[in-house]
Amino acid sequence: MTTFDFMGKRKVAAAMSIALVVVSIGSVIFLGISRGLDFTGGVRVEMGFESAVTAEEVRGLLSAAGFTEGVVQNYGSETEVLVRMPPVEGVDQSDLGDRVVAAVRAEFGDVALRDLQFVGPAVGEELAENGGLALLVALGVVMFYIMWRFTGKFAVGAVAALVHDVVITVGAFSLFQWTFNLPELAALLAVIGYSLNDTIVVSDRIRENFRAVRRGTPVEIINQSLNQTLGRTLVTSLTTLLVLVVLLIVAGEQISGFATALTIGVVVGTYSSIYVAANVLLTMGITKQDLALPEREGVDETP
């Protein structure tokens, strides 16, 4: 078993976590989140060309035609192009997709329309509200579950770790202005589940050791618990990251945002299970009395 002094670096870890959270919140406030079509509305157009064409060519053509805010990318092959266009001021949104196709056909001739989807602003607003509500409900359920299974101090630590993970993941998308759509929102919910699972495993071992180890300070017991679960944590994280890296490399743009969000969440979630949740326990003054088993009344334990 390893003997790393995790809690010996808890002040440095706390300072780093606070800095990352502050930067993330500041980025969301001042830069905002680059919301995709699922939240803003607009059109999604898939087109097939007779010969290879680059996304830069199509993007330049659309910009010249007045469609400057769209995202253009090749998908599947060099003859397939996906255009995602947010609402354009002064243009009827129901005609936006047809205008995009017409502008492309005027330059490239007979272009096959593979798919055209319209997302109305009302739908986008509803999705945003429901997505935020889902995150809040998930955090609330987690707090009640941890309070029921452990104690209130563990619940505060677990929720602090989950909020830490979600805020930093969203902050990364805001800071780099990556497009945020429903798949990325689903990734945030998956991050909550992943981080919660890891936190519960660590908390379980901490509780067992607080009850079983007769001597030792809270710092020593938590360090022992973290070292005992380190192998399991690393194996789980590395195998998950291996799959996510493969998705980032070969799955293409359609799933890259989801894989990126989940990759950040897994890395930050692994860190928070070790440093954030356990750090909060020490800050709140966890003791053996908090985790002592209740005495059974009316039971004579005399041999």
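The values are calculated or read from the model by the stated rules, or taken from the named source; none is laboratory data. In this text, all values refer to a predicted model and were calculated from it rather than measured experimentally. Virtual Cβ from ideal backbone geometry, glycine too; neighbours counted across all protein chains shown. Note: accessible area is taken over every heavy atom of the protein model, side chains too, but ligands, DNA and RNA are not part of it. Shrake-Rupley method; radii C 1.70, N 1.55, O 1.52, S 1.80 Å.
What percent do you get for the relative contact order of the range 44-101 when only Cα pairs under 8 Å and 6+ apart count? Present the calculation step by step, with values, prior to reporting the outcome.
Working: 71 pairs, mean separation 23.0, N = 58.
Dividing the mean separation by the residue count of the range 44-101 yields 40 percent.
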**Report entry** Charge dipole magnitude, Cβ of K and R +1, D and E -1 - the range 154-233, Cα centre, debye nearest 20
**Finding:** 420 debye
Report summary line: Heavy-atom accessible area with a 1.4 angstrom probe orders E208, E89, most exposed first, as E89, E208
Query raised in the report: Gaussian network model of the chain, Cα springs within a sub-10 Å range: biggest mean-square fluctuation belongs to which of G76, G193, G269?
Result: G76
Query raised in the report: Near K153, which aspartates and glutamates are there with a Cα under 14 Å away, not counting those fewer than 8 places off in the same chain?
Result: D204, D290
Query - Net charge dipole size for the chain [Lys, Arg +1 and Asp, Glu -1 on Cβ; Debye, nearest 20] - result: 1700 debye
Report summary line: Largest-first ranking of I192, I264 by accessible area, probe 1.4 Å, whole protein assembly kept, is I264, I192
Query - Helix 152-175 axis, angle to the chain major axis (alpha carbon atoms, nearest 10°) - result: 20 degrees
Report task. Using only the Cα atoms of the range 1-87, build the gyration tensor, take square roots of its eigenvalues as a ≥ b ≥ c, and label the shape rounded, prolate or oblate: rounded if a/c is under 1.5, else prolate if a/b is larger than b/c, else oblate. Result -> prolate
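With a ≥ b ≥ c the root eigenvalues of the C-alpha gyration tensor of the chain, is it rounded (a/c under 1.5), prolate (a/b larger than b/c) or oblate? The partial results should precede the final answer.
Details: a/c = 3.16, a/b = 2.69, b/c = 1.18.
Prolate shape, in that a/c is at least 1.5 and a/b is the bigger ratio.
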Query raised in the report: Pick from A134, A261, A277: which residue has the top mean-square fluctuation in a GNM of the chain where Cα pairs under 10 Å get a spring?
Result: A134
Report task. Return the calculated 222 nm mean residue ellipticity for the chain, to the nearest 500 deg cm²/dmol, obtained by summing -39500 (n - 2.57) across DSSP H runs with n ≥ 4 and dividing by the residue count. Result -> -23000 deg cm²/dmol
Query - Dipole magnitude (debye, nearest 20) for the range 20-86, charges at Cβ of Lys, Arg, Asp, Glu - result: 360 debye
Requested in this report: Putting +1 on Lys and Arg Cβ atoms and -1 on Asp and Glu Cβ atoms, find which of A158, Q117, L136 reaches farthest to the positive end of the dipole of the chain.
Outcome: A158
Requested in this report: Compare V243, V159, V142 in a GNM of the chain, Cα atoms joined below 10 Å, and give the one with the largest fluctuation.
Outcome: V243
Query - Positive-end residue of A103, V71, S203, charge dipole of the chain with Cβ unit charges - result: S203
Requested in this report: Return a whole-number percent for the relative contact order of the range 110-248, with Cα pairs under 8 Å and 6 or more residues apart as the contact set.
Outcome: 17 percent
Requested in this report: Return the whole-Å distance between the Cα centroid of the range 90-110 and the Cα centroid of the range 41-82.
Outcome: 11 Å
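Relative contact order for the chain using alpha-carbon pairs under 8 Å, separation at least 6, rounded to a whole percent? Don't skip to the answer; put the middle values down first.
Details: 409 pairs, mean separation 75.5, N = 303.
The normalised contact order for the chain reaches 25 percent.
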Report task. Might you work out the accessible area of I200 for me, using a 1.4 Å probe with all protein chains in place, and round it to the nearest 10 Å²? Result -> 20 Å²
